[in-house]
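Q: Encoded as structure tokens, here's the structure I'll be asking about.
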Amino acid sequence: MTIDPIPPPTRNIGPYKVAEDLYLSASTFRTLQRCTASSISTSPSPSACPVIGLLYLGDLDHEEDGLAICYRPPSAGSNAGGEQGGDLMRCGVLGYWLSPEFAGKDVMTRVVAYALRVLAGPVFGHERVHGIAWEENAPSNRVMERAGMVRAPSYPLYVLKFKVIKTCSHYTFDIVKS
């Protein structure tokens, strides 16, 4: 698969300073629709330092991505809305990869927590963010839990490449509007 660079959307400018030694830089690639990937590095200038990981934060299409549709709670006195009584929520989905030599050092937990609290709502306009990992991928599940995501029901997924059904852990994070 080739990855074609595309200009970063205006909502993903950078670098973002996650911590004194950790930055997210705009590096958007076209691999799937609605995909925004940011490079993780230890310098505000990605050219001065190698990329140590990637963070994906993008829009979620519930029907296309196969997750249950999320509804806002109905407002007082409102009869309009979806099956659950409210309007559809604007949801996002996140994913990540980290170079193995940085694993277990709290890097990805800090990046995901930052993305959820600083970028997902104010920059991307999401009301809820979903995260998914293989059930047996304990480190990835711990990252989402430590970053403040809440465990939702797991679900089976057929993986065509391996011709096997695997269980996916599903996490959500609701954006609090101030």
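The values are calculated or read from the model by the stated rules, or taken from the named source; none is laboratory data. Please read these numbers as outputs of a predicted model, since none were measured by experiment. Neighbour counts run over all protein chains shown; Cβ positions are idealised from the backbone, glycine included. All accessible areas refer to the heavy atoms of the entire protein, side chains included, with ligands and DNA or RNA removed. Shrake-Rupley method; radii C 1.70, N 1.55, O 1.52, S 1.80 Å.
Q: Can you name the condition, by its number, that Ile165 falls short on among (1) open to solvent by 80 Å² or more (accessible area, probe 1.4 Å); (2) part of a loop (DSSP other than H, G, I, E, B); (3) over 25 Å from Leu24 (Cβ atoms)?
A: It fails just one condition, (2).
Q: Please determine whether any residue of the range 99-114 is assigned to a loop (DSSP other than H, G, I, E, B), more than 17 Å from Leu55 (Cα to Cα) and not basic (Lys, Arg).
A: No, the range 99-114 contains no residue that is assigned to a loop (DSSP other than H, G, I, E, B), more than 17 Å from Leu55 (Cα to Cα) and not basic (Lys, Arg).
Q: Give the residue, chosen from Arg117, Arg146, Arg128, Arg151, that is within 20 Å of Leu60 (Cβ to Cβ), touching a helix residue (DSSP H, G or I) at 6+ places or on another chain (Cβ under 8 Å) and of a type in the set (D, E, K, R).
A: Of Arg117, Arg146, Arg128, Arg151, the one residue that is within 20 Å of Leu60 (Cβ to Cβ), touching a helix residue (DSSP H, G or I) at 6+ places or on another chain (Cβ under 8 Å) and of a type in the set (D, E, K, R) is Arg151.
Q: Do we find a residue being of a type in the set (Phe, Trp, Tyr) and either in a loop (DSSP other than H, G, I, E, B) or at pLDDT 90 or above (or both) anywhere in the range 68-90?
A: No, every residue in the range 68-90 fails to be of a type in the set (Phe, Trp, Tyr) and either in a loop (DSSP other than H, G, I, E, B) or at pLDDT 90 or above (or both).
Q: Does Asn141 fit the bill of being open to solvent by 40 Å² or more (accessible area, probe 1.4 Å) and either at pLDDT 90 or above or touching a strand residue (DSSP E or B) at 6+ places or on another chain (Cβ under 7 Å) (or both)?
A: no
Q: Please find, among Val118, Val112, the residue that is open to solvent by less than 20 Å² (accessible area, probe 1.4 Å) and modelled with pLDDT of 85 or more.
A: Val112
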